[in-house]
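Following: one structure in structure tokens, then a few remarks.
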Amino acid sequence: MQLWKLAASCGALMLTAGAGATIEDDLSSVLPFGPRVTGSAANEQARSYFEAQFRAMGYTTRRDVFTYPRFDDLGSDVRLGTRTLTGRALEGSTGGAVTGRIVRIPGVGTAENFRAVNVQGGVAVVQRGQLPFLDKVKNALAAGAAGVIVVNTEAKELQGRLGERVPLPALAVTSVAGAALQEGQQVSLNVRVRDGEVQGVNVVAFKSGLIRPDILFGGHMDSVFRAPGANDNLSGTVAVLDLARRAVNTPLAARSYFVLFDGEEDGLRGSRKFVQDNPGVVQNLKAMFNFDMVGVDASPLNVSGEARLVELARQTAQLSGSARDQGGSDQVPFAQAGVPTLFFHRGLDVNYHQPSDTLADPQLIRATVDAALTTADAALTPVPASR
Ligand code: BES
Ligand code: ZN
């Protein structure tokens, strides 16, 4: 079969699974997988999709696997008669189910507050505020409580962290749920947690043989628990993939690494690991561009990072910029290693880290890619020697 005929017969397939895919295709293919929490099935499904896209364009892909400890709440609650109140385990809490009478602790749960009541064998209900969660829970443990419920000051869920392991089931509830907990009532506390190792996987795409890239384009592909992460950060991931598409038949492809980081939401795990394990690559980089939350215009496209790169982005791509980094994202470990970085983002939108993070605008992502290509071109063009 002649080549053009083969290409034509593959056309339909190529549109969704090959170099012909678009930003729109990427969004509609990956969003249905659901939240891409590191270690989840959806995270892996998304990664397979992205790898297939890179490969269909002729890039080589590599997986960098790493592990780290993580505490997960698998769904915790408080049962009160026939009512079930949703709670969030405090990070560091012990798992388990305990039943006891409610003892409302006065104040904010100081040792003195606990001395004013008898919570022995009961479930301590204590208000959020002033004192670290750890102190409240340790005071409850010392006073002989069987479990602790921390009540938020707002009607929102509270995701608290103890900072160390405490041998007592402890969870947080909203102010609304907290109001339903009356002194002396029988209550059962169900804290379901998993405290173990998580596996993260970065995807690195590049033209075969390239070991010293001049530029690295990155974005994190993981999202937080319960958030589909359309803007945070499928938008940035798709921007990186689209950069690879736009670069594919240009000299830029032969100078670039395209990296999809995992474990960002668990503390920049993937980017830290990359910097740690690839010193040769990192030392040689002229620039690292990171894309995080570029699909919703909470504010106009902004760049921050190294002064010269910010200036280039302003002058060549007419972007607004600031020298200071404005968010914890994957450019940070690179900047700390001395790499000139540029962080592309459109600010924090209202759906940040929420189940409602379901929309990303392809046009905004495309405009980000345009601006990044213009800036990369300027950043990689040698400056003529001045006489
Ligand atoms: N997407 C955010 C970072 C971000 C902030 C992007 C502002 C654009 C504008 C990122 O996923 C995040 O949530 N980072 C955490 C810190 C991280 C170390 C877990 C944050 O900023 O609190
Ligand atoms: Zn993010």
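The values are calculated or read from the model by the stated rules, or taken from the named source; none is laboratory data. Predicted, not measured: the structure shown is a model, and the values here were computed from it. Heads up, the Cβs are rebuilt from the backbone with ideal geometry, glycines too, and the neighbour counts pull from every protein chain shown. Surface areas here come from the heavy atoms of the whole protein model, side chains and all, with no ligands, DNA or RNA. Shrake-Rupley method; radii C 1.70, N 1.55, O 1.52, S 1.80 Å.
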Going through the stretch 211-241 in order, the residues found to be within 15 Å of ligand 2 (Cβ to nearest atom), β-branched (V, I, T) and surrounded by fewer than 24 Cβ atoms within 10 Å (Cβ to Cβ) are V224
Go through (1) touching a strand residue (DSSP E or B) at 6+ places or on another chain (Cβ under 8 Å); (2) touching a residue at least 24 places away in the same chain (Cβ under 8 Å); (3) open to solvent by 20 Å² or more (accessible area, probe 1.4 Å); (4) not in a loop (DSSP other than H, G, I, E, B) for D135 and report which single condition fails. (1)
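Anything in the stretch 176-210 that is under 30 Å from L85 (Cα atoms) and in contact with a helix residue (DSSP H, G or I) (Cβ under 9 Å, 6 or more places away or on another chain)? List them, or say none.
Residues of the stretch 176-210 under 30 Å from L85 (Cα atoms): 176-198.
Listed by number, the list holds a single entry, V198.
Would you point out the residue of the stretch 243-272, among those that are within 14 Å of ligand 1 (Cβ to nearest atom) and assigned to a helix (DSSP H, G or I), that is most open to solvent (accessible area, probe 1.4 Å)?
Just the residues of the stretch 243-272 that are within 14 Å of ligand 1 (Cβ to nearest atom), to begin with: 260-272.
Keeping just the survivors that are assigned to a helix (DSSP H, G or I) gives 269-272.
Details: R269: 86, G270: 0, S271: 0, R272: 109 Å².
Among those that are within 14 Å of ligand 1 (Cβ to nearest atom) and assigned to a helix (DSSP H, G or I), it is R272.
Residues are listed down the side, and each one gets a yes or a no for (1) away from ligand 1 (no atom under 13 Å from the Cβ); (2) without any contact (Cβ under 8 Å) to a residue 40 or more places away in the chain:
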residue	(1), (2)
N290	no, no
M293	no, no
D297	no, no
L301	no, no
E306	yes, yes
L309	yes, no
A313	yes, no
S320	yes, yes
D330	no, no
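Which of the residues that make up the stretch 110-130 are open to solvent by 40 Å² or more (accessible area, probe 1.4 Å) and within 31 Å of the chain's Cα centre (by Cα)?
Q127, R128, Q130
Tell me the residue from V240, V282, V275 that is more than 10 Å from ligand 1 (Cβ to nearest atom), in contact with a Pro (Cβ under 8 Å, 6 or more places away or on another chain) and in a helix (DSSP H, G or I), please.
On the way: V240 fails: in contact with a Pro (Cβ under 8 Å, 6 or more places away or on another chain); V282 fails: in contact with a Pro (Cβ under 8 Å, 6 or more places away or on another chain).
After ruling out the rest, the residue left standing is V275.
Confirm whether L364 is out of contact with any Leu (no Cβ under 7 Å at 6 or more places or on another chain) and open to solvent by 80 Å² or more (accessible area, probe 1.4 Å).
On the way: out of contact with any Leu (no Cβ under 7 Å at 6 or more places or on another chain): yes; open to solvent by 80 Å² or more (accessible area, probe 1.4 Å): no.
So L364 fails the test.
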